[in-house]
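Chemist: Next up is a structure, given as C-alpha cells.
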Amino acid sequence: MDKAYEWVPFYEALANKLLEYNDKRSELFKLMKNLASHQPLMKYFHFEREELWGPRNHRIDPFSVMSVLNRGITNENRTKLAEVFANAFKVTLPVPTNFNGIPTFNNIKSFFDEGIDELWDLFVSAIKSAETNTFTDDFKNAFKKAIAIKGNGLASITIGLFWIRPNVFMPLDTYSRKFVFERYGIVVPKGDFSGDDYVEFLNTLKNKINEDSPNLTFPELLYNAWSKKGKNPQLKSTELITDNQRTMQGKSTSNEDSPNLKFLELSYNAKSEEGKNPHAESPESITDNRRTSQGDSTSNDGIWAKNKNIILYGPPGTGKTYSTIQYAVAIIEDKPLSEVKSEDYQEVFKRYLKYKDAGLIAFVTFHQSFSYEEFIEGIRPVVSSDENGESTGGIEYVIQDGVFKLFCNKAGTPIRADDTSLDLGIGKNPTVWKVTLKGAGDNQIRTECMENGHIRIGWDGYGEITSDATDYTQYDDNPILNAFYNKMQIGDIVMSCYSSRTIDAIGVITGEPEWHDEYPEYKRLRKVKWLVKGINEDIVDFNAGKILNGLSVAKLSVSATDAVQILRKVNPNLFDQNVKIPNRVFIIDEINRGNISKIFGELITLIEPSKRIGAFEELRATLPYSRQDFGVPDNVFIIGTMNTADRSIAMIDTALRRRFEFVEMKPDTDKLKGVRVKNIDISNMLDIINKRIIVLLDREHTIGHSYLLPLKTDPTIETLAAIFQKRIIPLLQEYFYDDYEKIQLVLGDNQKTDDTTRFIVKKRVDNKLFGNTDVDFPEYYEINNEAFLRIEAYAFLR
C-alpha cells in the first residue's frame with residue numbers, strides 16, 4: 001500500500017470495529033463521550049448538552065464517529081485522533097499520517113443531526129454490500145431513506161460511505177461530479193437520487209475506469225480530481241499522481257448536494273489551488289472554526305487558504321497595526337484568529353519576532369515617495385569597487401530587487417513541520433548558482449561529483465591558496481574564484497549545468513571550499529547535498545530568458561521559490577509529512593498612503609489568489625528591468641492597514657479594493673470596561689464621544705480605544721488630562737478643521753454654564769488691544785488647560 005493511501009485499510013478496519021456496536025449503540029455513545037472528555041479536539045460534540053443528545057436517546061451514528069478524523073484540522077491532529085481511536089477500538093493497523101484524497105466536513109457542522117437509525121441501517125448494509133460485492137435492495141432502500149433525512153443530502157451521505165469503504169463508494173459533491181463528467185462523460189442528475197441511481201452510477205464509473213486506467217482506485221481518482229480539477233482528463237493516473245500536485249479546497253454549491261449548505265463545506269486533501277470559492281469569507285468569519293483540510297503538510301491550504309490579501313481599516317487608535325501581529329502569527333501557525341487573540345499578547349509578540357527573524361514575516365510602511373523600484377525592482381546607482389571591495393570612484397548601475405520581490409523569491413523555502421529550523425539544507429535567504437562540471441554533457445568529473453556529493457572546479461595552476469597578490473590576468477578568472485570562495489554560501493542552491501539550456505541536478509551547498517590534491521585536476525571542491533540527480537530540466541524561462549553561460553560558477557536569475565517548484569515537480573517525495581512550505585506574511589502599514597498603481601504595477605493582478613503560482617489560473621509577468629518571469633507564490637499573504645481618517649475606503653484604488661478583503665477595526669470600548677477615573681466610566685465616556693462624532697462628522701473619524709489604554713495601569717486625573725490635552729484635542733482639531741463649536745458639542749462644553757469647566761472657551765476681543773478701535777472683532781476660542789485637571793469638567797461625558 002502506497003504510504004500516501006495508508007489511511008484506506010485503517011479506515012476500513014475502524015469501520016469494522018464500529019460495526020460491532022450496531023446492537024450496542026448506547027455503549028458507543030458512552031465510549032465517545034469518555035474519549036471526548038479527555039480529548040479537546042472532540043469537544044465540538046458537546047456531549048454534556050442534554051438538549052442535544054437527549055432526543056437522540058444518547059446514541060451516535062457511525063458516520064459521525066468517522067467524521068472525527070475528517071474535519072478541517074491539521075494532519076498532525078488527525079493522526080493524534082487516529083491514535084486515540086486505534087487504542088479505543090483496538091485497531092492494530094498502522095496509524096495513518098497522510099490523508100490524501102479524503103473529503104472532509106466543515107468544523108462548524110462535523111456530525112449528522114438526524115436519522116440515527118437510518119444512518120446505522122445504511123452503514124450496516126453498505127459494509128455487507130462491499131463484502132459481497134453485491135448492492136442489495138436493503139442497501140438501496142437504506143440509501144434512499146438516509147439522504148431523505150433533513151440536513152443530510154447526497155454529498156454528505158456519499159462522503160460518509162466513502163470513508164468506510166473508500167474503494168467501493170464514490171462521493172458525489174459538485175467538483176467530483178464535474179470531474180467525472182469531464183473525464184468519463186458520466187452525468188450525475190440533480191434532484192431526486194435513489195439507491196438504484198447511485199448503484200448504476202458506481203457500476204458505470206467502474207467500467208469507465210477499467211477501460212481507461214484499470215488499476216486506478218477511487219481515492220486516487222479523488223486525489224487526481226482535486227489535483228487537476230479536470231484540467232487535462234487525458235492524462236493517465238500515474239501521470240496525474242506524480243505531477244506537480246498542489247493542495248486545494250472545494251465548496252459544495254448545489255442544493256441537491258446538501259440541503260444544509262450553510263453548515264456543510266467540503267474540502268479535499270489534494271494539492272491544487274484550483275476550485276477555490278472566489279467569494280471567500282472574511283477573516284472574522286474564519287475564526288468561527290471554518291477550517292479546510294490539509295492533505296499533506298507541504299500544503300498551505302488551511303484556515304486562511306481563501307484569504308490571501310486582507311486590509312484592516314478603521315479610524316486612529318483602533319489597534320490595526322497591533323492586530324497585524326496577531327493575524328501574522330495566526331496565518332503562519334494556521335490557527336483561528338480567535339485562538340491567537342485569546343493568548344497573552346506578549347507571548348504572541350515573541351513568536352512574531354521569532355518568525356520575523358526567520359524571514360517568514362516582512363514589514364514595510366507605504367508613503368507618498370514609495371515606488372515600484374523599491375517594492376519590486378529598479379535600476380540603482382552604486383559606487384564601483386574593485387575585487388577587494390575598495391571604491392574606484394566610479395558609478396555603475398545595477399538592477400536591484402525590491403522588498404516584495406525579495407520576499408517572494410525566498411517564499412518557497414521549506415522548513416520542518418515541528419519548528420522553524422531550516423530543512424533540506426536550504427538557507428534562509430538562498431542564492432541560486434549554476435556550476436559547470438568540466439563541461440557540457442556527460443563526463444568523468446560530473447559522474448564523480450554526483451556519486452560523492454560535491455562540486456569541483458579547476459584553475460589548479462594558482463595552487464591551493466589564492467590571495468590579493470594572485471595574478472589573475474592570465475585567464476581573467478578572478479570573478480569565478482571570488483564567487484566560489486567568497487560569495488557562494490552554505491545553504492545556497494546549486495544547479496548542475498548540463499547544456500546551455502538544461503540542468504541535470506539540483507543540490508544545496510553544505511561545505512566550505514576545500515583543496516583536494518589527490519585529484520589530478522579540478523581540485524577545488526565544495527560539499528553538496530544533491531536533492532535530485534539525473535534530471536533534464538530546461539530552466540531558461542526561470543532564468544529571465546537567458547541561456548546558461550560557459551562560466552564554471554555563475555549566479556542565476558532563478559529565485560529560490562522557482563528552484564523549489566522545480567524540485568517539487570521532479571521529486572515530490574522530498575516534501576513528505578515532515579516538511580512543509582510555511583505560510584509567509586508581508587505586512588504593509590498605511591497601505592492607502594502610497595500610490596497603489598505606481599507601487600504595485602503589474603502585480604496588482606498577480607496578487608489575486610487565483611493568479612498565484614500553482615493556482616488554476618497561474619500568471620507570471622515579465623518584469624521590465626530584469627526580464628524575469630515573476631509570479632506571487634501561493635503561500636505569501638498580504639496584510640495591509642488603512643487609516644480611514646486619512647483617506648476613506650470609498651476613495652481608494654478600485655483595483656486594490658477588488659483584490660483585497662476588508663476587515664473593519666472599530667473602537668472597542670470593551671477593552672476599557674472597569675476602567676474608572678474617580679467617578680468617570682472611561683468606556684462609557686469614549687462611547688459618548690464617538691456617538692457625537694458620528695452625528696457631527698462620520699464613523700470614519702471616531703477615536704480609537706488605544707488612546708485611553710494608559711488609564712488601565714494609571715487611572716488618575718493627571719493621566720486623563722494628558723491624554724485629552726496631547727492626543728484627543730489635537731485629533732478633534734484636525735477632524736473638524738478647527739471648528740471649535742463642533743468640538744465643544746463633542747466634549748459637552750455646550751451644556752456647561754461655567755467657563756472654568758469648559759475645555760474650549762469662547763473669548764471676546766478686548767478692543768483696548770488695538771487702541772480702542774471701533775471694530776467689531778469676531779469671537780475666538782481658547783483651550784482651557786486647567787479644565788482638564790478638574791473631574792467635574794468631564795460631567796457631560798458620562
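Chemist: Taking a point 7 angstrom from the Cα of residue 717 along the C-beta vector, which residues in segment 737-756 have backbone N less than 17 Å away?
Modeler: Label zone hits: 754-756.
Chemist: On average over all directions, what projected area in square nanometres does segment 1-149 have, based on the convex hull of its Cα atoms?
Modeler: 9.1
Chemist: Under 5 Å between amide hydrogens, which residues at least 5 positions from residue 638 or on another chain qualify, with H placed 1.01 Å from N in the peptide plane?
Modeler: Excluding prolines and chain starts, which carry no amide H, the hits are 309, 310, 586.
Chemist: Simple spin-label model, 7 Å along Cα-to-Cβ: residue 133 to residue 547 in nm?
Modeler: Rounded to a tenth, the inter-label distance reads 5.9 nm.
Chemist: Where the convex hull is taken over the Cα atoms of segment 647-798, what is its projected area averaged over directions, in nm²?
Modeler: Over every viewing direction, the Cα hull of segment 647-798 projects on average to 11.9 nm².
Chemist: With θ set to phi - 60°, apply the Karplus curve 6.51 cos²θ - 1.76 cosθ + 1.60 along segment 736-750 and write out the HN-Hα couplings as whole Hz, x wherever there is a Gly or Pro.
Modeler: 9, 6, 6, 7, 6, 5, 6, 5, 4, 5, 5, 8, x, 5, 5
Chemist: Right, something else. Starting from the Cα-Cα distance between residue 739 and residue 460, subtract it from 0.36 nm times their residue separation and give me the gain in nm to one decimal.
Modeler: Using 0.36 nm per residue and subtracting the Cα-Cα distance, I get 92.3 nm.
Chemist: So how do 119-125, 790-796, 709-715, 685-691 stack up, highest first, on mean other-Cβ count within 10 Å?
Modeler: My ranking of the peptides, most packed first, is 119-125, 685-691, 790-796, 709-715.
Chemist: Sticking with this structure for a sec: To the nearest µm²/s, what D does Stokes-Einstein give for segment 747-794 at 20 °C and 1.002 mPa s, using the Kirkwood radius over alpha carbon pairs as Rh?
Modeler: Estimated via Stokes-Einstein, D reaches 177 µm²/s.
Chemist: Assuming 1.567 mPa s and 4 °C, estimate D for segment 624-735 with Stokes-Einstein, Rh taken as the Kirkwood radius over Cα pairs, in µm²/s.
Modeler: In µm²/s, the coefficient is 76.
Chemist: Shifting gears a bit: Please give the net charge around residue 512, taking every other residue with its beta carbon less than 9 angstrom from that of residue 512, where Lys and Arg add +1 and Asp and Glu add -1.
Modeler: Local net charge: +1.
Chemist: Using a 7 Å offset from the Cα along the Cα-to-Cβ direction at both residue 204 and residue 44, what is the distance between the two label points in nm, to one decimal?
Modeler: 3.4
Chemist: Given the C-alpha centroids of segment 6-44 and segment 305-381, what is the distance between them in whole angstrom?
Modeler: About 41 Å separates the Cα centre of segment 6-44 from the one of segment 305-381.
Chemist: So how many Å³ per residue does the convex hull of the Cα atoms of segment 121-210 work out to?
Modeler: 89
Chemist: Let me ask another. As a quick test, which of the pairs 673/752; 428/523; 320/726; 533/569; 434/546; 206/569 have an alpha carbon distance above 23 angstrom in this structure?
Modeler: Those over the limit are 673/752; 428/523; 206/569.
Chemist: For an R0 of 60 angstrom, estimate the FRET efficiency from the Cβ-Cβ distance between residue 790 and residue 16 and round to the nearest 0.05.
Modeler: For R0 = 60 Å, the calculated efficiency reads 0.15.
Chemist: Principal axis lengths of segment 485-605 from Cα atoms, whole Å, largest first?
Modeler: So the three principal-axis extents are 63, 36, 28 Å.
Chemist: Please list, by residue number, everything in segment 116-148 whose backbone N is under 15 Å from a paramagnetic label point 7 Å out along Cα→Cβ of residue 194.
Modeler: Label zone hits: 136-148.
Chemist: Express in nm, to one decimal, how much length is gained between residue 482 and residue 655 on full extension, taking 0.36 nm for each residue of separation and deducting their alpha carbon distance.
Modeler: 57.7 nm
Chemist: Could you work out the percent of alpha carbon pairs in segment 10-51 separated by over 17 Å, rounded to a whole number?
Modeler: Of all Cα-Cα pairs in segment 10-51, 43 percent lie more than 17 Å apart.
Chemist: Which order do you get for 629, 442 if you rank them by accessible area with a 1.4 Å probe, largest at the top?
Modeler: Final ranking, largest accessible area leading: 442, 629.
Chemist: Compute for segment 541-685: radius of gyration divided by Kirkwood radius, i.e. Rg/Rh, restricted to C-alpha atoms, rounded to two decimals.
Modeler: 1.16
Chemist: Any idea how far the Cα center of segment 421-462 sits from the one of segment 541-568, in Å?
Modeler: 14
Chemist: Please report the spacing between the Cα centers of segment 682-748 and segment 500-518 in Å, no decimals.
Modeler: Using only Cα atoms, the two centres lie 65 Å from each other.
Chemist: For a quick check: with amide H placed at 1.01 Å from N, whose amide H comes under 5 Å from residue 548's, ignoring anything fewer than 5 positions away on the same chain?
Modeler: 501
Chemist: Also: Starting from the Cα of residue 398, step 7 Å along the direction of its Cβ; do the same at residue 777; then give the gap between the two resulting points in nm.
Modeler: Each label point is offset 7 Å from its Cα along the Cβ direction, giving 6.4 nm.
Chemist: Taking 0.36 nm per intervening residue step and subtracting the Cα-Cα distance, what contour gain separates residue 540 from residue 88 on full extension?
Modeler: That pair, residue 540 and residue 88, stretches by 157.2 nm at full extension.
The values are calculated or read from the model by the stated rules, or taken from the named source; none is laboratory data. Not measured: the values here are computed from a predicted model. Here Cβ is always computed from backbone atoms with ideal geometry, including for glycine, and neighbour counts include all displayed protein chains. With ligands, DNA and RNA removed, areas are computed over all heavy atoms of the protein, side chains included. Shrake-Rupley method; radii C 1.70, N 1.55, O 1.52, S 1.80 Å.
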